[in-house]
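One structure below.
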Amino acid sequence: MSVAFRGNIARMVAYQPGEQPQEGGYVKLNTNENPYPPSPLVRRAVLAELTDSLRLYPDPGATRLRRQAAIAYGFDLSQVIAGNGSDDLLAMIARAFIGEKDALCCPVPTYSLYETLVRIQGGRVLGIPYPDDYTLPPRIFRSRASVTMVASPNSPSGTTVPFPVLSRLADSVPGLLVVDEAYADFAEENALSLARERKNVIVLRTLSKSFSLAGMRIGVGFAHPRIIEGLNKVKDSYNMNRLGIAAGEAALKDIAWMERNAARIRKTRDRLASALPGAGFTPYPSQANFILAKRGGGKSAKPVYEELKKRKILVRYFPTPRLSGCLRITVGTDAEIDALLTALRTSSPRRGSSSRR
Ligand SMILES: Cc1ncc(COP(=O)(O)O)c(C=O)c1O
């Protein structure tokens, strides 16, 4: 007897999330988590949930969380969907809009989960390379894909697409425009108003980064009620658990807490950007809670990544032709960034032999 996967599943490679070491002791600057704790309201809300109610299924519509998101961002409840992280919302979008004949168009390099989700559907990815300055490639305006996806700020570059450009893109795409704003709270502008005004735009947010809740898995999406209705048809019935719903609602009641932490992170980010050239790296201009930094002299960043790891500092290294000269560094606390800079300035690949590989 043989077990046969669908051809596209057999051919695809699994998505590789960033390393999550299960032992402590690392300065963890590899998956863009927030170094500061979530609002104290979250702890209280989660503890209040730890009652007999855990026996019972959660609200399939995550209404408390969606209502608070609607209030916080100025939407009607019918314009909001909640997910088990924004990854869950991305999966719903792929399920709802990408079939075997469909394509998703996105500028690349970007968040590589998009490609995985499209492959699961058996669809095609039209990746249009960003130019060196990470401005939106003009070809994307001519794409005929069912879904156009733009992360702004983008990962791994940290760069943003200006609002007027996204607005023009919404006018020119033939299908759905997804603006993935996982890092928007660290940026100077956002595209939420497009989700209010256009019928073909969905804006995704996550509570993993600015709200310090990566461990709870909470994402929210904002769009025209017709899009939300369609996504509801394909979502897992109980896609959020009781603790996530309570934590998300509480966090969104304390926007001021999130904003204070985001402001601290932006300050540290600017300090890191100024210090990187002294450590042999050129930063791309970032509006996120991480910086993509390119090693000088066209050298591979892999030996630096490895040396940092030996010193218990984790950053993200992408072994692709476009990114192999770069490290993506999450903005941690000031002390964590000091430790990173000291390690970079004293690491052996920097001082020693040529490390081109
Ligand atoms: C651009 C982008 N979108 C979405 C996500 C997923 O976030 P979540 O934790 O809400 O699933 C990430 C996570 O790293 C990301 O970088």
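The values are calculated or read from the model by the stated rules, or taken from the named source; none is laboratory data. Values in this document were obtained by computation on a predicted structure and should not be read as measured data. With ideal geometry, Cβ positions are generated from the backbone for all residues, glycine too; neighbour counts draw on all protein chains shown.
Annotations for the structure displayed:
- Residues in region 196-225 that are under 25 Å from ALA246 (Cα atoms), more than 12 Å from the ligand (Cβ to nearest atom) and in a helix (DSSP H, G or I): PRO225 only.
- Looking only at residues of region 94-133 that are more than 16 Å from the ligand (Cβ to nearest atom) and basic (Lys, Arg), we find that the one that is nearest to ARG226 (Cα to Cα) is LYS101.
- Residue within region 21-29 that is within 16 Å of the ligand (Cβ to nearest atom), of a type outside the set (A, V, I, L, M) and over 27 Å from ARG198 (Cα atoms) present: yes
- Exclusive hit being at pLDDT 95 or above and either near the ligand (Cβ under 10 Å from one of its atoms) or under 25 Å from LEU231 (Cα atoms) (or both), set LEU136, LEU176: LEU176
- Looking only at region 179-195, and only at residues there that are more than 13 Å from the chain's Cα centre (by Cα) and buried (at least 24 other Cβ atoms within 10 Å of the Cβ), the one that is nearest to the ligand (Cβ to nearest atom): ALA191
- Verdict on LYS199 being more than 23 Å from GLY18 (Cβ to Cβ), in contact with a His (Cβ under 6 Å, 6 or more places away or on another chain) and assigned by TED's automatic domain parsing to the domain that holds GLY175: yes
- Selection from region 262-290 of residues that are of a type in the set (S, T, N, Q) and in a helix (DSSP H, G or I): THR268, SER274
- Residue tally, condition assigned to a helix (DSSP H, G or I) and touching a Ser or Thr at 6+ places or on another chain (Cβ under 8 Å), over region 169-195: 5
- Residues in region 316-357 that are at pLDDT below 95, touching a helix residue (DSSP H, G or I) at 6+ places or on another chain (Cβ under 6 Å) and assigned to a loop (DSSP other than H, G, I, E, B): SER347, SER355.
- When region 129-145 is filtered for residues that are on the phi < 0 side of the Ramachandran plot and crowded, with 18+ Cβ neighbours inside 10 Å, the ones remaining, listed by number, are TYR130, LEU136, ILE140, SER143, ALA145.
- Flag if LEU166 is away from the ligand (no atom under 16 Å from the Cβ) and assigned to a helix (DSSP H, G or I): no
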